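Data block below; observations after.
The values are calculated or read from the model by the stated rules, or taken from the named source; none is laboratory data. Treat the numbers as computed from the prediction; the structure is a model and nothing was measured. Don't worry about glycine lacking a Cβ; one is built from the backbone with ideal geometry, like all the others, and counts go over all protein chains shown.
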Amino acid sequence: MVGFQTKLNWEEQKRIFRMIPGLGKAEFARLGSLHRNTFINSPRLLRESLQVKNHPRIFLAGQITGVEGYVESAAVGLLAGVSASMRIRGVRMITPSPATVLGSLVHYITHANPVTFQPMNANFGLLPPLGKRVKGTQKRRLLAKRGLKDIERWRDSVEEYSSSNLSSSDP
């Protein structure tokens, strides 16, 4: 089993797994254990640009910021890189709209209650409401459509700022 995280000791895990039909005499190469990711209190420490508030030359990315998941960590890394690049060029940093999944994650990690802050995966619950009552698949489709439109607008504005601020010596 992949991703089996538990506080059960190994003997108890073996006992329980052996109760599963076909696993009575199984040999286990590796058993589960609990792990905890290290993360900072981002609402207290980070700006939406992923800069450390008291040290704006430092950008953080990945799970240490309080996002959970490989894709989420990579996406926040991408945003930190874009933000750092824009800062180096002297351009105002632009964060994706909270209507996008990336923007909603960044908004969550930088605006959550710092007293109760816990890491978060990307999910539809982080997105702002549509403004009209829609249920199920249709709601998710509309949220996705709105998010795609906003992330494309963000990408276009980043490209515009980047291309207009390149000097002739830049590649």
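For ALA112, the criteria (1) under 16 Å from GLU48 (Cα atoms); (2) modelled with pLDDT under 95 hold in every case but one, which is (2). Consider region 32-46 and keep the residues that are in contact (Cβ under 8 Å) with a residue 40 or more places away in the chain and out of contact with any Asp or Glu (no Cβ under 8 Å at 6 or more places or on another chain). The one that is nearest to ARG87 (Cα to Cα) is LEU46.
Flag: ILE40 does not match the condition of being under 17 Å from the mean Cα position of the chain (by Cα) and under 25 Å from PHE124 (Cβ atoms).
Scanning region 61-92 for residues that are more than 15 Å from the chain's Cα centre (by Cα) and either among the hydroxyl-bearing types (Ser, Thr, Tyr) or closer than 14 Å to PRO119 by Cα (or both) yields SER83, SER85.
Okay, residues lined up against (1) more than 19 Å from GLU152 (Cβ to Cβ); (2) free of Cβ contacts under 8 Å to residues at least 40 places away in the same chain:
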{"position": "GLU48", "(1), (2)": "yes, no"}
{"position": "ILE58", "(1), (2)": "yes, yes"}
{"position": "GLN63", "(1), (2)": "yes, no"}
{"position": "ARG89", "(1), (2)": "yes, no"}
{"position": "PRO96", "(1), (2)": "no, no"}
{"position": "SER104", "(1), (2)": "no, yes"}
{"position": "VAL115", "(1), (2)": "yes, yes"}
{"position": "GLN138", "(1), (2)": "yes, yes"}
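Of all residues in region 77-97, those satisfying the criterion of being closer than 11 Å to SER162 by Cβ and not hydrophobic (A, V, I, L, M, F, W, C) are SER85, ARG89. Just one of the numbered conditions (1) in contact with a helix residue (DSSP H, G or I) (Cβ under 9 Å, 6 or more places away or on another chain); (2) more than 19 Å from ARG155 (Cα to Cα) is not true of PRO21: (1).
Out of all the residues in region 33-58, which are crowded, with 18+ Cβ neighbours inside 10 Å, polar (S, T, N, Q) and not in a strand (DSSP E or B)? Once the filter is applied, which keeps residues that are crowded, with 18+ Cβ neighbours inside 10 Å, polar (S, T, N, Q) and not in a strand (DSSP E or B), region 33-58 yields SER42, SER49.
If only residues of region 69-87 that are among the hydrophobic types (A, V, I, L, M, F, W, C) and in contact (Cβ under 8 Å) with a residue 60 or more places away in the chain are counted, the one that is surrounded by the most Cβ atoms within 10 Å (Cβ to Cβ) is VAL82.
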